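Have a look at the structure below, then the notes.
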Amino acid sequence: MANFATDLANQIVGNEQFLSDFQKVSSYGLLSELKNKALGDAEQSPTPLQIERLLYSASVLAQTDSDHHRSLAQTIVLYSYLATKHPLVIEVATRILSNIGNFPGVSELSKKLGNNRMSFGSVLSNSLLRALNLVDIGSKEFAFTDFQQRVWRRLAEANVTAVTAPTSAGKSFIIVEY
């Protein structure tokens, strides 16, 4: 399955429509955060179809073993959320982050839903995936991301470990707790 997902992800990332949608949603998402700083509405909002296509792409990217693809999926989730804080977008975004194992991100987005609770399927999936990533450290349990889980296992096996990863992957947390 991972090879199929990787092949499909590579096709998606190279697709002109994906690149166009990504540029539109990311620039609008960033501008929507900055417009409070008197930039005004310089750009038209992305269409629901553009956001839907991007979130579908992110769900495929999240299923690969590639850290690059998974990081891109998280970026898509962030920009889609910033572009439209619609509860359905947040619901889909939490599923994608849960599949990646980004439980801090899931928690933050879940708070944004407010009265619009996550669906039963999302809650069940998130709880199961979270339970699979629990690590006991001292007397506390932590739900690590998939990346942190891999690093944690390698720390126990190695005398020396160097960790490189994208910003906000959770490197500081894993090292401080070790």
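Counting other beta carbons within 10 Å of each residue's own, what order do 145, 6 fall into, fewest first? List each step's numbers first, then the result.
Values: 145 23, 6 17.
Ranked by crowding around the Cβ, least crowded first: 6, 145.
Based only on other Cβ atoms within 10 Å, what is the fewest-to-most ordering of 117, 70, 53? Intermediate values should be presented prior to the final figure.
Working: 117 12, 70 26, 53 20.
Starting with the residue having the fewest Cβ neighbours, the order is 117, 53, 70.
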Exercise. Just grab the label-to-label distance for residue 56 and residue 16, each label 7 Å out from Cα along the Cβ direction, in nm (one decimal).
Key: 1.9
Practice problem: Report the paramagnetic label zone for residue 34: residues of the range 62-101 whose backbone N is under 16 Å from a point 7 Å from Cα along the Cα-to-Cβ axis. | Solution: 79, 82-83
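Every number in this text was worked out from the coordinates using simple rules, so none of it is lab data. Predicted model only: the values in this text are computed from it and were never measured. Note: ideal-geometry Cβ built from the backbone for every residue, glycine included; neighbour counts use all protein chains shown.
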